[in-house]
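Since the structure comes first, as structure tokens, the remarks are kept for the end.
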Amino acid sequence: MKNLKKRIQLMVLMVAVAGSALVTAQNARIKIDTDRVIGEVDKLIYGNFVEHLGRCVYGGVYEPGSPLSDEDGFRKDVLQAAKDMNVTITRYPGGNFVSNYHWLDGVGPVDERIPRMELAWARLETNEFGTNEFMKYARKMNTEPYFAVNMGTGTIEEAQRWVEYCNVKEGPYFAELRKKHGFPEPHQIKYWSLGNEMDGFWQMGHLNAEDYVKKAREAAKLMRLTSPEIKLIAAGSSNYRPDANPDAWNRTILTELRDVVDYIALHIYVGNPDNNYYNFLSTPLVCEERTKIVKGMIGEVMQNAHRPGRDPIYIAWDEYNVWYRARTDELMSGTRALEEHYNLEDALVIAGFLNVFIRNADIVKMANMAQLVNVIAPIFTNEKGMFKQTIYYPLQLFSGNAYGTSLDIFVDCETYDTDEFFIGLGEQTTRQQEVPYLDVSAVYNNGELVVNVVNRHRDKAIKADIICQTGKFTGSFEVFEVNGPDIKATNDFDREDVKTVQKDPVKSKGSIITYTFPAHSFTMLKGTVE
Ligand code: AHR
């Protein structure tokens, strides 16, 4: 009897131990339901940015006389890398630069163009490269051009004349001037932003919100009367310093320009100055919070907007990236400005940003990584060649594959909390609660499914069941992974430690795919659902 009691106690204990082992070993779950639609992913979220800053234009995009350049002076290696990244839209010519740029300086015979002091980044601007050079480049790159007008030191008339130069076929003076400069057909620039970061005290000709909206509204009127089909982007918040009030800025901009603009531009730069991996990996969630706040404001102002036949206002994250190392006065001026050397953790943050844009596809309809080459950029050159930085690879994977409908997916996995930390240099602080180790987005397109997963865990692979709630997975899923030997791994001219690797395909079992996401990785799974 005594023995029997002991045996029963032992059995109960064994069941309990087995049970707890099962609980701790439970797979994470990612549930996919193709009926739960967020919105159409706009291809313009895979944009980039070319600014007259450091070696982005001169020595990056454009290096006449170099054996690596083509007949127009464009670096062929850079152009190829840009084309391979499938850049859907490219913003030009700034950035802070544009607020002291007069576009007429950059057109006409090159030997007659005059050099200017460039005050935003302390350079000499030779003006060898301007509107028409950029447009030639954009055509070669197969990218949609997106111009920013000077709302700082420029006038509304100057903005109108630039639209006339670019978009009016013939007749008025500036349209004829373009023809005289060798471009008989208009460039047809559809996207125009009304200035850059006008909320920033650092901006040449910075304005307060009230003055900005007055100027932007009148500029918009003249520009649209010149070219009615254009889309206009208002300069939303970029100043998130502790003493700034970005919400007040955005509210004024949206209220006063709600009948006029098509997008509000937001900017975000994040960093890891304290070398805290987990804090840093959560920073894209700050972008998501800000997106939701501005989406709420848009919803509010739209109720009283008069926009016959036009879409609602959307968000353009027209500058985003990791930027914190090249932030000293010295590293922010001259011809070698903003040359960040990226590592694996930066690439994972970029994948996180792209997941945010997809998860908010109903409102985020444009995004531009800042910038294309050399300046906080995925492509890096010297006079002998180039290499692809770590951040190149996630962007390339997304822009090559993630098109269709963004799905509202359910993720169940372990989470972590961050400390209070600075999002980037000079920025406000944040504290993120319950950050999921698996950061996920999914896109569905006529039976094809793309699932994007960042495993934020530094040390642990995470096994997950991807469960199809509607229909079944069919066949195998292709697997692409961006990873590297450790989180600080970088690429350089002579090595590529972080890149995309195609792994063995994973077989689906009816409505479940079980996959183990390696520590500190980004994985894209691509297959079909029926
Ligand atoms: O992309 C670098 C700079 O960051 C841009 O010129 C400016 O708009 C922002 O502050």
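For the reader, a short list of remarks on this structure follows.
- Residue within segment 164-183 that is closer than 30 Å to ASP247 by Cα, in contact (Cβ under 8 Å) with a residue 12 or more places away in the chain and of a type in the set (D, E, K, R) present: no
- Selection over segment 257-305 of residues that are within 17 Å of ASN321 (Cβ to Cβ) and polar (S, T, N, Q) gives a count of 4.
- Against the test of being more than 32 Å from the chain's Cα centre (by Cα) and either of a type outside the set (A, V, I, L, M, F, W, C) or not assigned by TED's automatic domain parsing to the domain that holds PHE97 (or both), the options GLU176, GLU185, GLU158, GLU164 yield a single qualifying residue, GLU176.
- Being under 23 Å from the mean Cα position of the chain (by Cα) and over 28 Å from THR418 (Cβ atoms) holds for only one residue in ASP504, ASP492, and it is ASP492.
- Matching residues, segment 122-145, being open to solvent by less than 60 Å² (accessible area, probe 1.4 Å) and more than 22 Å from the chain's Cα centre (by Cα): ARG123, GLU125, THR126, ASN127, PHE129, GLY130, THR131, ASN132, GLU133
- For segment 350-400, residues that are open to solvent by less than 10 Å² (accessible area, probe 1.4 Å) and either closer than 23 Å to ILE32 by Cα or within 16 Å of the ligand (Cβ to nearest atom) (or both) total 32.
- Segment 117-133 residues that are at positive phi, paired with ones that are open to solvent by 10 Å² or more (accessible area, probe 1.4 Å) and within 14 Å of the ligand (Cβ to nearest atom) (beta carbon under 7 Å, 6 or more apart): ALA122/SER333
- All conditions in (1) charged (D, E, K, R); (2) within 16 Å of the ligand (Cβ to nearest atom); (3) more than 22 Å from GLU319 (Cα to Cα) hold for GLU427, with the sole exception of (3).
- Tabulated pairs, segment 197-226, first farther than 17 Å from ASN100 by Cα, second at pLDDT 95 or above and surrounded by fewer than 18 Cβ atoms within 10 Å (Cβ to Cβ), C-beta under 6 angstrom, 6+ apart or interchain: ALA209/THR252
- The condition (being open to solvent by less than 50 Å² (accessible area, probe 1.4 Å) and in a loop (DSSP other than H, G, I, E, B)) is satisfied by just one residue among THR470, THR474, THR500: THR470.
- Residue within segment 48-59 that is surrounded by fewer than 21 Cβ atoms within 10 Å (Cβ to Cβ), away from the ligand (no atom under 16 Å from the Cβ) and part of a helix (DSSP H, G or I) present: no
- Qualifying residue in segment 290-307 (condition: in contact with a Cys (Cβ under 9 Å, 6 or more places away or on another chain) and either under 16 Å from ILE363 (Cβ atoms) or surrounded by fewer than 22 Cβ atoms within 10 Å (Cβ to Cβ) (or both)): no
- Scoring ASP329 on the criteria (1) open to solvent by 10 Å² or more (accessible area, probe 1.4 Å); (2) within 16 Å of the ligand (Cβ to nearest atom); (3) acidic (Asp, Glu); (4) in contact (Cβ under 8 Å) with a residue 12 or more places away in the chain leaves a single failure, condition (4).
- Some residue of segment 438-455 being out of contact with any Pro (no Cβ under 6 Å at 6 or more places or on another chain), closer than 30 Å to ASN245 by Cβ and open to solvent by less than 40 Å² (accessible area, probe 1.4 Å): yes
- Selection count, segment 216-243, where residues are in contact with a Gly (Cβ under 8 Å, 6 or more places away or on another chain) and either open to solvent by 30 Å² or more (accessible area, probe 1.4 Å) or not assigned by TED's automatic domain parsing to the domain that holds THR153 (or both): 1
- The set of residues from segment 191-215 being among the polar types (S, T, N, Q) and open to solvent by 40 Å² or more (accessible area, probe 1.4 Å) comprises just one member, ASN208.
- A count restricted to segment 490-530 and to residues that are among the hydrophobic types (A, V, I, L, M, F, W, C) and within 18 Å of GLY352 (Cα to Cα) stands at 6.
- Test: residue in segment 455-471 that is within 20 Å of the chain's Cα centre (by Cα) and outside the structural domain of TYR324 (by TED's automatic domain parsing): yes
The values are calculated or read from the model by the stated rules, or taken from the named source; none is laboratory data. For clarity, every value in this text was computed on a predicted model and none was experimentally measured. With ideal geometry, Cβ positions are generated from the backbone for all residues, glycine too; neighbour counts draw on all protein chains shown. Note: areas computed on protein heavy atoms with side chains; ligands, DNA, RNA excluded. Shrake-Rupley method; radii C 1.70, N 1.55, O 1.52, S 1.80 Å.
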